[in-house]
Amino acid sequence: MIDFAALPILQTVIAIPAEDPGWGLWVLMKLLQVLGFVIVLALLVAALVLADRKIWAAVQMRRGPNVVGAFGLLQTIADALKFFFKEIIVPAGSDKFLFILAPLIALVMAFLAWAVIPVAPGWVISDINVGVLYVLAISSLGVYGIMIGGWASNSKYPFMGALRSAAQMVSYEVSIGFIILTVIFVTGSMNLTEIVDTQAGGFWNWNMFRLNPATEFGLANYILTPVLFYMGVLFFISALAETNRPPFDLPEAESELVAGYQVEYSSTPFLMFFFAEYVNIMLLSAMMVILFLGGWHAPIDIGVQFLPGVFWFFLKTAFIFFLFAMVKAIVPRYRYDQLMRLGWKVFLPTAIVAVLIVSGVVVLTGAA
Amino acid sequence: MIAAIAFYILASVAVGAAFMVVASRNPVHSVMFLILTFFSAAGLFILMGAEFLALLLIMVYVGAVAVLFLFVVMMLDVDFVELKKGFLSFAPIGGIVAAILLLQMIALGAAYFMDGGRPLVAPDATMTNLEAFGAVLYTKYAGAFEAAGFVLLVAMIGAIVLTLRDREGVRRQSAVDQMARTREDGVELVDIEPGQGLG
């Protein structure tokens with residue numbers, strides 16, 4: 001018989017006493033945590049959609065949504081309600097089961113990855129040893145929602161959008177994998193909490209900068225500085241491509257494909273796709289913060305923590321999201337061949353070279 | 001108890017989904033069932049405490065291989081009803097392969113139980129999955145590991161050789177040329193007197 005409490009992947013920050021599994025309580029506890037995460041994420045998505053539109057409007061010198069609620073604060077909620085009360089239209093020639101399944105897959109996969117994201121010390125649903133791998137695995141499944149949705153619609157433009165999206169997401173996942181590998185080498189762990197903990201003590205210890213010669217690799221840190229900074233930038237750009245955000249929003253390029261894979265979707269299924277997209281954007285912003293920007297640690301360590309860790313985590317994630325929104329407002333869309341060239345001929349080789357340099361430094365300085 | 005229940009659920013889903021891969025009429029549904037099979041297998045790995053292997057299975061097979069399957073199945077315009085007509089003529093060969101596989105599995109299971117049921121977990125309990133893998137993969141099985149890498153490299157080169165054609169008169173975009181352009185080579189400003197035209 002397999003010991004339930006001893007399974008590594010099920011062990012959590014809330015220690016289960018070995019002699020008393022009490023798994024009923026444990027399940028209840030986890031369900032409450034999951035519920036908390038989902039509610040907070042849903043509220044944050046509502047806020048982020050508004051922030052996105054406001055930032056975009058500000059760049060274009062418009063006001064953005066400003067009618068519903070003070071400063072348009074309730075605009076997203078009004079939009080969501082509108083989607084809920086509309087009729088779900090399923091096209092006649094579509095594969096009905098897969099057509100409904102696709103947005104569900106997209107949304108579930110988007111939320112699932114949050115299970116291992118630590119937002120503050122101990123604030124994580126499941127603190128597993130292979131957290132980085134888990135996030136990579138789950139986020140690589142998000143492409144199924146788009147592909148199946150595009151195919152099941154039985155229509156030209158959704159299908160084209162689905163094909164584009166699949167090729168794009170698979171391509172950039174490869175370079176994201178190599179970029180994350182550099183961070184894993186430097187921190188020596190795949191556990192997200194440990195990765196954040198190695199970056200404690202001020203912004204000069206963060207993986208993106210690594211300016212402190214007193215840490216693990218000594219003066220070799222200055223070799224790592226430019227490499228990891230560049231990797232951080234590459235991760236951000238790959239994250240844009242991975243979430244189908246402009247300038248890489250070719251799967252839904254409205255000027256060529258109407259709206260890509262979501263043309264035939266209406267009402268709640270459309271809302272699910274939309275929701276999944278923003279949850280994914282938040283996930284990759286959070287991953288950027290965890291891997292490169294020190295997670296919940298304050299930029300300058302003054303010895304005393306006045307603010308809870310989650311505040312810094314949220315602030316940094318919000319800043320990354322702000323960059324996402326600014327890129328959307330400023331950069332024009334790439335051509336498809338340019339997108340593929342960038343992914344395979346620029347990002348992948350440079351990421352591989354960076355992996356070689358970083359692993360060389362780690363081995364030669366004897367820190368491994 | 002729970003682990004046993006989880007095992008039977010995962011195992012029966014895996015077997016049922018594997019059957020549906022063959023049985024379902026729509027090839028896209030087949031691929032979906034294949035993905036379900038992979039997922040159940042990953043769940044079984046987690047039950048055995050091999051979470052690294054489980055996530056690798058999801059990442060490689062579900063995240064990449066099955067996406068390519070889905071890609072191909074969606075793109076190919078094959079009449080699968082026509083293909084299935086010859087199904088019975090392949091049945092003897094399929095039956096023989098299945099019988100051999102069954103025999104091998106029975107032999108494996110028998111050998112395992114005859115040995116007194118060795119534990120399937122890593123020998124050193126203090127190691128994480130990843131360390132246990134690395135400790136044998138890059139020392140004891142380094143040769144085999146590198147050989148596997150070379151086989152994949154050969155497959156990659158083979159795919160490139162098969163598809164790369166050198167055709168005459170193909171216009172290609174050169175990103176370097178495009179970026180090296182300046183305003184001076186692209187734009188000519190001409191000051192035209194009113195009523196005169198360019199010519």
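The values are calculated or read from the model by the stated rules, or taken from the named source; none is laboratory data. Quantities reported herein were computed from a predicted structural model and do not represent experimental measurements. Neighbour counts are summed over all protein chains in view; Cβ atoms, including those assigned to glycine, are modelled from backbone coordinates with ideal geometry.
Points worth noting:
- Among the residues of the stretch A:217-264, the ones that are on the phi > 0 side of the Ramachandran plot and small (Gly, Ala, Ser) come to 2 in all.
- Scope the stretch A:126-170; condition more than 19 Å from A:Ala106 (Cβ to Cβ), in contact (Cβ under 8 Å) with a residue 40 or more places away in the chain and either at the interface with chain B (Cβ under 8 Å from one of its Cβ atoms) or in a helix (DSSP H, G or I) (or both); matching residues: A:Ile128, A:Asn129, A:Val130, A:Gly131, A:Val132, A:Leu133
Each row is one residue, and each column tells you yes or no for (1) away from chain B (no Cβ under 14 Å); (2) surrounded by 14 or more Cβ atoms within 10 Å (Cβ to Cβ); (3) at pLDDT 50 or above.
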site	(1), (2), (3)
A:Ala5	no, yes, no
A:Pro8	no, yes, no
A:Ala15	yes, no, no
A:Pro21	no, yes, yes
A:Val27	no, no, yes
A:Leu32	yes, no, yes
A:Ile39	yes, no, yes
A:Ala46	yes, yes, yes
A:Asp52	yes, yes, yes
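Every residue, every condition in (1) of a type in the set (D, E, K, R); (2) modelled with pLDDT of 80 or more; (3) buried (at least 23 other Cβ atoms within 10 Å of the Cβ), yes or no:
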{"position": "A:Val186", "(1), (2), (3)": "no, yes, yes"}
{"position": "A:Glu194", "(1), (2), (3)": "yes, yes, no"}
{"position": "A:Gln199", "(1), (2), (3)": "no, yes, yes"}
{"position": "A:Thr215", "(1), (2), (3)": "no, no, no"}
{"position": "A:Asn221", "(1), (2), (3)": "no, no, no"}
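- Test: residue in the stretch B:74-83 that is at pLDDT below 80, surrounded by 10 or more Cβ atoms within 10 Å (Cβ to Cβ) and touching a Phe, Trp or Tyr at 6+ places or on another chain (Cβ under 7 Å): yes
- Among (1) more than 14 Å from chain B (Cβ to nearest Cβ); (2) outside any helix (DSSP H, G or I), the one test that A:Ser189 misses: (1)
- Residue match in the stretch A:123-145 (condition: within 16 Å of B:Phe71 (Cα to Cα), modelled with pLDDT of 80 or more and aliphatic (A, V, I, L, M)): yes
- Filtering the stretch A:332-356 to residues that are closer than 14 Å to A:Asn244 by Cα and under 22 Å from the mean Cα position of the chain (by Cα) leaves A:Arg333, A:Tyr334, A:Leu339, A:Met340, A:Gly343.
- Residue in the stretch A:107-122 that is buried (at least 20 other Cβ atoms within 10 Å of the Cβ), under 30 Å from A:Thr365 (Cα atoms) and of a type in the set (A, V, I, L, M, F, W, C) present: no
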